[in-house]
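First comes the structure, then the notes that go with it.
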């Protein structure tokens, strides 16, 4: 083995170790439930590394096909960090919730949101309604666990596990409140 080969091996080992020290094994909240009301069944039309999930911001995202206006529930407790349209990311109407562990969940392509920035949210609270806003191919909910820079991270739901493309999933997420009306702009 030449000196150059061993230098590359050492560099690879250092980068490999740093990756596992810096990137958490599970960045997602540990109590995630599917983000729609219990008993309802929706199809995952685009999964991790799917056709439109081909950049780091969307690698670990899911698209669940649902009719426009379907209730979207918080998958875990936290505080609303953002709601509305950024105009720069293609997600259209969206809600981002910051969780106690520092992670965020992103709910995108909504028709409307039902929360305000800074609001404390419980798992199961209605936070918005599914839609077809932004760069969207069909009415659906785009869901991901992200960091502050919008990079997506692996996650699993307690009730539906890790969804795969073309799979149908039934939520166990219980709604806390009656029907909530969209927040007017």
Original post:
Which of 107, 27, 135, 59 comes first, and how do the rest follow, when ranked by fewest Cβ neighbours within 10 Å?
Top reply: 135, 59, 27, 107
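Could you work out how much longer the chain between residue 156 and residue 132 gets when fully extended? Use 0.36 nm per residue separation minus the Cα distance between them, nm to one decimal.
Using 0.36 nm per residue and subtracting the Cα-Cα distance, I get 6.2 nm.
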**OP:** Report the relative contact order of the stretch 28-170, percent, no decimals, based on alpha-carbon pairs under 8 angstrom and at least 6 residues apart.
**Re:** 33
Original post:
Ranked from highest to lowest mean number of other Cβ atoms within 10 Å per residue, what is the order of the peptides 126-132, 99-105?
Top reply: 126-132, 99-105
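If I stretch the segment between residue 116 and residue 68 completely, what's the gain in nm (0.36 nm per residue apart, minus their alpha carbon distance), one decimal?
Net length gain for the segment: 15.2 nm.
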**OP:** Could you check the simple spin-label distance between residue 54 and residue 30, using points 7 Å along Cα→Cβ, in nm with one decimal?
**Re:** 3.8
Original post:
Simple spin-label model, 7 Å along Cα-to-Cβ: residue 168 to residue 85 in nm?
Top reply: 3.4
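Please say if the stretch 28-170 is rounded, prolate or oblate, where rounded means a/c under 1.5 for a ≥ b ≥ c the square roots of the C-alpha gyration tensor eigenvalues, and otherwise the choice is prolate for a/b larger than b/c and oblate otherwise?
Note, shape of the stretch 28-170 comes out rounded.
Each value in this text was obtained by applying a stated rule to the coordinates, not by laboratory testing. These numbers were taken from a predicted model, which means no experiment stands behind them. Positions of Cβ are generated from backbone atoms using ideal geometry, with glycine treated the same way; all protein chains shown enter the neighbour counts.
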